[in-house]
Structures are given as structure tokens and as C-alpha cells.
Amino acid sequence: MAEHPAYPVGLRLTGRRVVVLGGGQVAQRRLPALIAAGGAVVLISPEATPSVEAMADAGEITWERRRYAEGDLEDTWYALIATGDGEANARASAEAERHRVWCVRADDADQATAWTPATGHSEGVTVAVLTTDVKGRDPRHTAAIRDAVVEGLRDGTLVARHHRTRTPGVALVGGGPGDPDLITVRGRRLLAEADVVIADRLGPRDLLAELPPHVEVIDAAKIPYGRFMAQEAINNALIEHARQGKAVVRLKGGDPYVFGRGMEELHALAEAGITCTVVPGISSSVSVPGAAGIPVTHRGVAHEFTVVSGHVAPDDERSLVDWPSLAKLTGTLVVLMGVDKIDRIAETLVAHGRSPQTPVALVQEGTTAAQRRVDATLATVGETVRTEQVRPPAVIVIGEVVNVGPPAERTPTPSRPS
């Protein structure tokens with residue numbers, strides 16, 4: 001038997017008796033998958049780890065608090081033998097052989113009738129890896145292969161395209177703050193499976209270079225009809241390509257719902273009868289300050305943080321921000337899209353009570369190779385932006401948290417050549 005490789009098969013255990021002997025660490029690792037498979041799991045062991053005991057308390061398994069006895073494997077479909085008693089393991093293994101029960105032995109794989117593969121899961125697919133070298137089994141090697149395959153499926157570097165007829169749909173994917181490694185695993189996988197990608201200027205552009213040649217990439221910043229009609233044009237493009245039966249990804253910077261007009265696009269798709277999946281993204285409001293060594297909250301310094309849009313000035317009638325109330329808060333204020341309005345924002349905050357010496361940090365091109373941090377105060381930030389030539393995209397952090405980072409993490413205002 002040892003000269004032949006194992007035959008791989010998937011066991012359907014729903015409602016079928018599964019016996020686990022031993023309640024230690026092996027059982028703790030294996031039980032969740034057996035429960036998920038729907039097996040009627042019976043644990044036979046005088047003791048169990050706290051996690052295994054919790055499964056019994058929750059009714060997920062039946063626990064018989066005793067040692068193995070002859071006859072325990074009758075009417076059993078699958079058995080896992082994992083006690084610390086070698087003699088009991090051998091007797092149970094012999095019983096499994098007599099009753100033709102597929103049996104895994106944690107202590108002696110050569111005496112087992114079944115082996116447990118290294119398994120992983122990704123979007124409805126189970127990856128199971130077994131070695132074919134029966135004399136040189138290396139669990140660490142099979143686990144490494146499993147991990148590589150699952151990671152590739154999840155992050156899109158290993159692409160297995162669906163060949164079934166797909167329901168037209170769109171995925172609104174938050175691409176994160178700019179670093180291509182900061183997109184979510186699900187977002188990257190959907191991007192790898194896309195037929196059409198409609199990308200924002202602030203999305204992770206490096207990911208577009210990885211797409212296969214057949215993928216159509218549409219630059220949302222250059223869709224026709226001008227700035228006023230840009231959003232309507234984007235909506236129409238999403239609908240048009242989805243109705244053609246294509247997998248469409250709307251790749252947005254940060255998170256789709258943080259000043260990203262994601263809900264507007266979702267509404268347009270819903271009105272057109274197009275299904276839509278929303279994949280959250282890491283918002284630049286938190287990630288960019290963090291990348292620059294600034295926590296938006298810190299014990300004893302800030303118990304709150306507020307994120308606002310600065311794309312219109314405080315004195316603009318279109319502004320929906322209550323700037324006077326924000327000036328009275330003691331926490332952190334994070335301003336997005338406010339570089340060209342920061343002088344008026346700072347003046348308004350100071351006019352309504354915020355100290356002019358309040359620290360301010362501007363983080364330009366956060367999380368990318370071009371990241372740059374410039375520090376100032378509310379009194380000096382307007383002039384600093386001009387003299388240091390700070391340009392969008394930049395996240396502005398206002399509050400005492402600007403100064404709490406360790407010296408190695410803080411970047412002083414860069415000096416410019418005379």
C-alpha cells in the first residue's frame with residue numbers, strides 16, 4: 001500500500017457520523033472543517049481544549065467524556081484518531097479497518113487508510129494538496145504549495161477565468177490610497193477577472209499595468225462630455241459595458257463611499273437593473289496619515305477624528321460642513337481635497353476658536369514612492385502650501401496627533417533651495 005500514491009477524493013459528510021478520538025490540538029484544528037462539512041461529529045475524549053469544549057457547549061459536536069472503547073466506530077463514515085495513547089490508537093485503527101471506515105491517524109500516517117490534505121479556500125473553491133511521494137511526505141511543503149495557490153487565487157496573480165455564462169454586473173472596487181499592495185484581496189481578484197476597468201485618476205495605477213492585453217481600460221478622468229457631465233458619462237459607460245455581458249470593475253481611489261460618489265453609481269446601476277458588488281477600500285483619511293507616522297487617534301491626545309471634504313471653501317454657499325462646530329472640537333480633523341482651500345479653512349477654524357498654533361501636516365502622494373510630508377500650523381499652513389508647492393492629492397491632518405509620532409517617523413518641513 002505504501003508504494004502507491006493516495007487517491008484524492010472529496011467526502012460528502014452531511015448528516016453522516018464522524019468520530020474524533022482525542023480532544024487536543026489536532027482535534028481543535030480539524031474539527032471546524034468537519035463541522036462546516038455538515039458531519040454529525042462525535043468527540044470521544046476524557047478531556048478537551050477550551051476551544052473544543054466551546055464547540056461542544058455550542059452544540060456543534062457531541063462530546064462523550066471518556067476513552068475510546070471497542071465498537072465506537074460502528075456505523076461511522078470517517079474517523080480521526082488523535083489521542084496520546086498509542087495502544088488505543090492502534091486498536092481504533094484496526095477497528096476502522098474491519099468496519100471499512102476511512103481513518104486518519106495523527107500519530108502514524110503509514111497505518112492510516114486516509115490522509116488529510118493541506119486545504120485552503122477561495123471564493124467557493126477548495127484547494128487540497130497531497131504529496132505523491134509516499135516515502136518522503138513533507139507536510140510543510142504541501143502546506144506551502146497550498147498557501148501559494150490560495151494566495152494567488154485571492155490576490156489575482158493566479159487567474160482562473162470563469163467560462164460559464166455570467167450575469168452582467170459591475171463591481172465598485174475601492175483601490176486604497178495609492179500603493180498597489182493596499183488594495184483588498186477581493187478587489188485585486190475581481191480586477192484580475194475583469195473584461196473592462198473604468199479607473200479613477202487617484203486609483204492604484206500600477207495595477208492597471210498587470211492586466212491582460214484583452215482588458216479594456218477606460219480612464220474616467222478623460223470620459224467625454226466635460227467635467228459637469230463626467231459622472232453621468234461614467235454611469236452610462238458602466239451600464240453599457242455591463243449590458244454587453246462583460247465583467248466591469250469601477251476602480252476608485254480609497255473607499256467607494258468616502259467622497260467617491262459610489263452611491264451615485266450604485267443608484268444608476270440599480271435603476272438600469274444592473275447588479276452591483278461593492279468592495280470597500282482602505283480610505284486615505286486614515287491610511288495616509290498612518291503611512292506618514294501620524295495616528296488619527298492617540299490615548300490622552302485625541303479620542304475622536306472627523307473627516308471632511310475641503311473641495312469647497314467654508315464661505316462657499318455649497319458647503320455642507322459646519323466649520324464653526326468643527327473648530328470647537330478637540331480631536332483630530334482630517335481634510336480631503338482641500339489643498340487649494342486650506343488657507344481659508346485655517347482662517348475659519350482660528351476665527352471660531354481653534355488655536356493658531358494647532359499643528360498641521362500635509363501628506364502628498366501618500367503611500368506611494370513620491371510620498372512627501374510637510375508640517376505647519378494653522379497660522380502658517382496657507383503660506384507653507386505656497387512656498388513648499390504642495391500639490392494634490394494630499395491629505396491634511398489638523399490636531400495634536402501630528403506631533404505624537406516618534407522622531408524617526410516625523411518629517412520636518414523640507415527646506416527649499418534659494
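Here, each number is a calculation from the coordinates, and none is a lab measurement. Small disclaimer: the values here were computed from a predicted structure and weren't measured. Cβ atoms come from the backbone with ideal geometry, glycine included; neighbour counts cover every protein chain shown.
Of note:
- Low-density loop positions, trypsin sites (Lys or Arg not before Pro), the range 46-86 - DSSP coil, at most 10 other Cβ in 10 Å: Arg66
- A crude spin-label estimate for the pair Leu208 and Glu47, with each label 7 Å from Cα along the Cβ direction, gives 6.1 nm.
- Under the criterion of Cα pairs below 8 Å and six or more residues apart, the relative contact order for the chain equals 10 percent.
- For trypsin sites (Lys or Arg not before Pro), the sites in the range 262-369 that DSSP calls loop and that have at most 10 other Cβ atoms within 10 Å are Arg299, Arg318.
- For Glu151 and Arg98, the FRET efficiency from 1/(1 + (r/R0)^6), where r spans their Cβ atoms and R0 equals 56 Å, is about 0.85.
- Options Ala112, Tyr68, Val215, ranked by Cα towards positive dipole end of the chain, top entry (Cβ charges): Val215
- Relative contact order [Cα under 8 Å, 6+ residues apart], the range 1-143, whole percent: 22
- Ranked Leu238, Leu326, criterion: other C-beta atoms within 10 Å, fewest first: Leu326, Leu238
- Pair Asp181, Arg201: separation of 7 Å Cα→Cβ label points (nm): 2.8
- Annotation: extensible slack from Glu60 through His267 equals 70.4 nm (criterion: 0.36 nm per residue apart, minus Cα-Cα distance).
- Proximal lysine pairs, the chain, alpha carbons under 29 Å, eight or more residues apart or interchain: 5
- Sites Gln25 and His4 - FRET efficiency at Förster radius 30 Å, r taken between beta-carbons, to 0.05: 0.50
- Magnitude of the charge dipole, the chain, Cβ model with Lys/Arg +1 and Asp/Glu -1, debye to 20: 520
- Span-like helix ranges in the chain, DSSP H, alpha carbon extent 15 angstrom or more, Kyte mean at least -0.5: 25-36, 139-155, 230-243
- The chain: antiparallel DSSP beta bridges as a percent of all, rounded to 5: 35
- Candidates Glu271, Glu151, Glu70, ranked by Gaussian network fluctuation over the chain, Cα under 10 Å, top entry: Glu70
- Met263, Met55, Met337 arranged by Cβ crowding within 10 Å, fewest neighbours leading: Met263, Met337, Met55
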